[in-house]
1. Which entries of 61/189; 14/56; 98/123; 56/82; 14/82 have Cα-Cα distances beyond 22 Å here?
2. Could you tell me how many cubic angstrom of Cα convex hull volume the chain has per residue?
3. Given a Förster distance of 22 angstrom, what is the FRET efficiency for residue 141 paired with residue 90, based on the Cβ-Cβ distance and rounded to 0.05?
4. Checking the table 22/230; 13/230; 49/76 against a 23 Å threshold on Cα-Cα, which pairs fail?
5. To the nearest 20 debye, what is the magnitude of the charge dipole of region 92-159 about its Cα centre, counting +1 on the Cβ of each Lys and Arg and -1 on the Cβ of each Asp and Glu?
6. How are the Cα pair distances of region 18-103 distributed, in percent, across 10 Å bins from 0?
7. Could you work out the percent of alpha carbon pairs in region 92-159 separated by over 21 Å, rounded to a whole number?
8. Can you tell me the relative contact order of region 63-203? Whole percent, Cα pairs under 8 Å, sequence separation 6 or more.
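Only the coordinates and a few stated rules stand behind these numbers; no lab work does. Just so it is clear, the model here is predicted, and its values are computed rather than measured. Here the Cβ positions follow ideal geometry from the backbone for every residue, glycine too, while neighbour counts run over all protein chains shown.
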Amino acid sequence: MRKVKIKVENLVKKFGNRLILKGISFEVYEKEIFVLMGGSGSGKSTTLKHIIGLQKPTSGKIYIDGIDITSLPEDKLIEIRKKMGYLFQEGALFDFLKVWENVGFYYLENTDIKPEEVYKIAKEKLAMVGMAGTEELYPSQLSGGMRKRASLARAIATNPEIVLYDEPTSGLDPVMSAIIDQLILKLRKELGVTSIVVTHDLDSAFSIADRIALIHKGKIYAIGTPEEIKQSDDPIVKQFVNRLPYGPITEELFEVKSEV
Ligand SMILES: Nc1ncnc2c1ncn2[C@@H]1O[C@H](COP(=O)(O)OP(=O)(O)OP(=O)(O)O)[C@@H](O)[C@H]1O
Ligand SMILES: [Mg+2]
């Protein structure tokens with residue numbers, strides 16, 4: 001039996017009186033690359049933020065290595081978070097720190113490792129994402145795609161067991177997207193990383209995923225291997241993976257009929 005690394009159980013989240021997640025449940029196995037897809041605003045980033053403990057559920061549980069993190073005190077949560085790297089959708093770099101300081105932020109803040117050593121680690125991680133030579137720049141001196149990659153270098157800087165990627169290839173050119181896909185695969189192969197990847201990039205999803213899950217209307221609507229998802233007869237899944245402008249998703253969003 002494969003070990004369950006992450007388990008999301010009946011996750012419900014309300015923001016004010018808006019019910020966003022209506023009971024999300026799924027498991028991610030150790031070393032799995034689990035892709036989470038869904039329309040804009042469907043709750044993908046919110047789900048990731050719950051898994052890393054940045055948000056508390058309205059109800060439901062999140063288990064990391066069998067430990068329920070939703071009821072942990074902050075100091076214990078920090079311990080568990082050490083195992084995890086998180087690539088924020090919006091990058092979230094500190095503007096007042098150089099690129100290398102951003103990448104090495106965890107070590108500079110929480111350890112006694114000398115800055116020269118941290119610099120070396122940051123340089124190595126930056127090279128892995130095609131960012132060699134940018135160590136001394138500030139985030140404002142980077143392009144959008146470069147900021148994304150610097151954030152990715154930070155997410156993997158501590159050699160985490162779990163990496164949560166929120167749209168790792170959005171805003172990147174096709175070659176760089178392919179390099180990031182390779183990196184996600186390489187981290188699994190060489191370090192045994194377990195990954196959840198939120199993406200709208202269908203090429204990327206189908207090339208890296210062990211399984212793909214689709215969030216729709218606050219629940220996991222479909223889940224399966226890339227082949228199963230590709231061959232699904234469900235009209236919503238079909239519209240999503242075939243990028244069709246008309247179909248049940250459009251009808252719900254715009255209240256239009258397919259023939260319009
Ligand atoms: N902190 C918050 N406070 C209030 N509402 C929020 C908050 N975070 C997210 N939401 C709402 O929850 C819903 C889901 O947001 P989320 O960012 O998870 O979507 P998403 O699936 O990641 O979308 P996208 O593909 O556009 O990134 C949205 O309607 C959003 O307005
Ligand atoms: Mg999002």
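1. Exceeds cut-off: 61/189; 14/82.
2. 146
3. So, using R0 = 22 Å, E works out to roughly 0.80.
4. Beyond 23 Å: 22/230; 13/230.
5. 320
6. Calculated P(r), rounded to whole percents: 13, 43, 34, 10, 0.
7. Here the tail beyond 21 Å accounts for 11 percent of pairs.
8. 28
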